[in-house]
1. Is there any pair with a first residue in the range 235-263 that is farther than 26 Å from Ala100 by Cβ and among the charged types (D, E, K, R) and a second that is surrounded by 15 or more Cβ atoms within 10 Å (Cβ to Cβ) and at pLDDT 95 or above whose Cβ atoms are under 6 Å apart and which are 6 or more apart or on different chains, and what are they?
2. Please list, ordered by first then second residue, the pairs with beta carbon atoms under 8 Å, 6 or more apart or interchain, first in the range 266-279 and hydroxyl-bearing (Ser, Thr, Tyr), second assigned to a strand (DSSP E or B).
3. Residue by residue through the range 151-181, note down the ones that are in a helix (DSSP H, G or I) and of a type outside the set (D, E, K, R).
4. With the condition kept exactly as written, say whether any residue in the range 132-150 is part of a loop (DSSP other than H, G, I, E, B) and surrounded by 14 or more Cβ atoms within 10 Å (Cβ to Cβ).
5. Of everything in the range 51-70 that's closer than 17 Å to Ala139 by Cα and free of Cβ contacts under 8 Å to residues at least 60 places away in the same chain, which residue is surrounded by the most Cβ atoms within 10 Å (Cβ to Cβ)?
6. Taking only the range 5-50 into account, find how many residues are in contact with a Gly (Cβ under 6 Å, 6 or more places away or on another chain), in a loop (DSSP other than H, G, I, E, B) and in contact (Cβ under 8 Å) with a residue 60 or more places away in the chain.
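The values are calculated or read from the model by the stated rules, or taken from the named source; none is laboratory data. Note that the structure is predicted; figures quoted are calculated from it, not measured. Every residue, glycine as well, gets a Cβ built from its backbone with ideal geometry; the counts of neighbours run over all protein chains shown.
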Amino acid sequence: NKRSLELDLRNESGREIARDLVKRSDVIVNNFRPGVMDRLELGYERCREINPRIIYAFGSGFGSAAGPYAHKGGQDVLAQALTGAMARRADPDHPLAIYATALADYTAGTLMTQGILLALLARERTGEGQLVEVSLYDALLSMQLQEATMQLMRGVELNWAAKPLSGVFPTTDGAIVIVGAFKDNPLRSISSALGLEDLSLRPEFATDGAQESHRAELQRILAQRTAEGTSAHWTRRLEEVDILCAPVLPLREALEDAQVAANEMIWRMPHARQGEVVTLANPVKLSATPARARRTPPGLGEHTLEILRELGYSAERIDDLIAARSTR
C-alpha cells in the first residue's frame, strides 16, 4: 500500500520537493545514521518549522542522544550481539549463533508504529506533532523485559532453553519441541507418553532441583526415546497427556500448514511486472476495518510523476527536476 517517489536529497531541488511533502504530510519516517537528515536540512527541528503538526519518526541503531554507540552504524545482528539476545539464545549444549530472522529490525519497526500512533493520538489532543525515536538496540533490550528484570533485581540468569524438561528432541523424521511446564509433575506425564518408566521416581530426577542438576542425563534419556518415532507420533502421544509440544517445521512447511490457511495469513496480489506477489497478510485482525492490500510493492520511483503532479508541479518544472537529476 505504498507509493514510491525517488529523490536525490543531496540536490537542493530534491530537498525542496521533500520540504513540500513535509508541508502536507502527517508522518515522516527515516532511518539514516544520526545527523544525516540534519545535514540535509531535513532534521526534526527544520521539519517542525515547516509543519508544526508533523510526526517525525526516527529509527536508529543505538539511539542518537549520547553514549559510546550513538553514532555507530546500526544493523540487526549487532543489536543481537550487544543486547545479550544472541548469548541468551544459546542452549548450554550448543554454540552461539546469529538468529536466522531479523529480530531487532522487526521489533523496532513494530515499536515505531506504536510510537507513531501514540503521537498521532496526542496530536489530536494538543494540535502539536513530536519526535518519535526507536533504536534497534533499545527494541531488542525491551524484548527481554522479564529476563533483564530478573538479572537487574536478583542477579539471576533466566534461560528458558536450559530448562531440563524443555528442549528440542530428535525424531525419525525431524525434531519436536517439548515444554515440560505448567502442570504438576510434568516428567511423569512425559514418561508415560514416551512409554518410559516414571522417571520422576528416580532420586536424581525427583525434584526440580535434582532435574536441573542432572539435566544432561535426563535430556539424553528423552532424546534417545524420541529418536525412535516420528514427530507426528510423539506429538500425538504427548498432547494426550496435556504436555505442550510441536514439530519443528522449516519455514516452507510452516507456510503450508493448515493453520496458516485458517488464519488467512497469505495474501496473493496481481503484479504488473512479477505476475503475482505472494506474501504474508497483516496479523492484526480488525472486525470493522480489516486490512487489505490496495497496492503491490512499487518499483523505485514508480509514482514520482504522479506525486509531483499532486504537489502542483507543472510539466515544465518536472522536466527541469529530471534534467537536474533531482528526481526521475
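1. Arg237/Ala193
2. Thr279/Ile266; Thr279/Trp267; Thr279/Met269
3. Gln151, Leu152, Met153, Trp160, Ala161, Ala162
4. Yes, the conditions are met somewhere in the range 132-150.
5. Once the filter is applied, the top-ranked residue is Ala70.
6. Of the residues in the range 5-50, 2 are in contact with a Gly (Cβ under 6 Å, 6 or more places away or on another chain), in a loop (DSSP other than H, G, I, E, B) and in contact (Cβ under 8 Å) with a residue 60 or more places away in the chain.
Conditions tested, residue by residue: (1) assigned by TED's automatic domain parsing to the domain that holds Asp242; (2) surrounded by 20 or more Cβ atoms within 10 Å (Cβ to Cβ); (3) part of a helix (DSSP H, G or I); (4) touching a residue at least 40 places away in the same chain (Cβ under 8 Å).
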residue	(1), (2), (3), (4)
Lys183	yes, no, no, yes
Ser191	yes, yes, yes, no
Glu197	yes, no, no, no
Ser200	yes, no, yes, no
Gly209	yes, no, yes, no
Arg220	yes, no, yes, no
Gln224	yes, no, yes, no
Glu228	yes, no, no, yes
